[in-house]
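In what follows, a single structure is set out as structure tokens and then discussed.
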Amino acid sequence: MWDRIFLEAAALSYRTMMVEFLSMLLFRPRPADQPNSDMDDRNVEPPPPEVSFCLFGEQQNMSLRQFPVATGF
């Protein structure tokens, strides 16, 4: 009985986190022809993050390379 209660409670919290993550997920891929060498130039405005999402109420911004490392996908 207690096992079932704990499993259902965990399932509800995972669902809440997943809804928050999916509802706030924003993917902005960079064009393939955009040079990366401009990123160190202070005169060039930095591009927006490729991936952003909200989890536990905190906004997360990262590159497409950082995303699978951070999330384990």
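The table below gives the values:
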read-out: Selection status of residue 23, modelled with pLDDT of 85 or more and in contact with a Lys or Arg (Cβ under 9 Å, 6 or more places away or on another chain); value: no
read-out: Cβ-Cβ under 9 Å pairs, at least 6 apart or on other chains, the range 45-73 side of a type in the set (D, E, K, R), far side surrounded by 13 or more Cβ atoms within 10 Å (Cβ to Cβ) and assigned to a strand (DSSP E or B); value: 50/62
read-out: Candidate set from the range 51-73 (those that are outside any helix (DSSP H, G or I) and among the small types (Gly, Ala, Ser)); member that is nearest to residue 13 (Cα to Cα); value: 57
read-out: Matching residues in the range 39-73 - criterion: being touching a Leu at 6+ places or on another chain (Cβ under 6 Å) and surrounded by fewer than 14 Cβ atoms within 10 Å (Cβ to Cβ); value: none
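The values are calculated or read from the model by the stated rules, or taken from the named source; none is laboratory data. Keep in mind that this is a model prediction, so the values were computed, not measured. Note: ideal-geometry Cβ built from the backbone for every residue, glycine included; neighbour counts use all protein chains shown.
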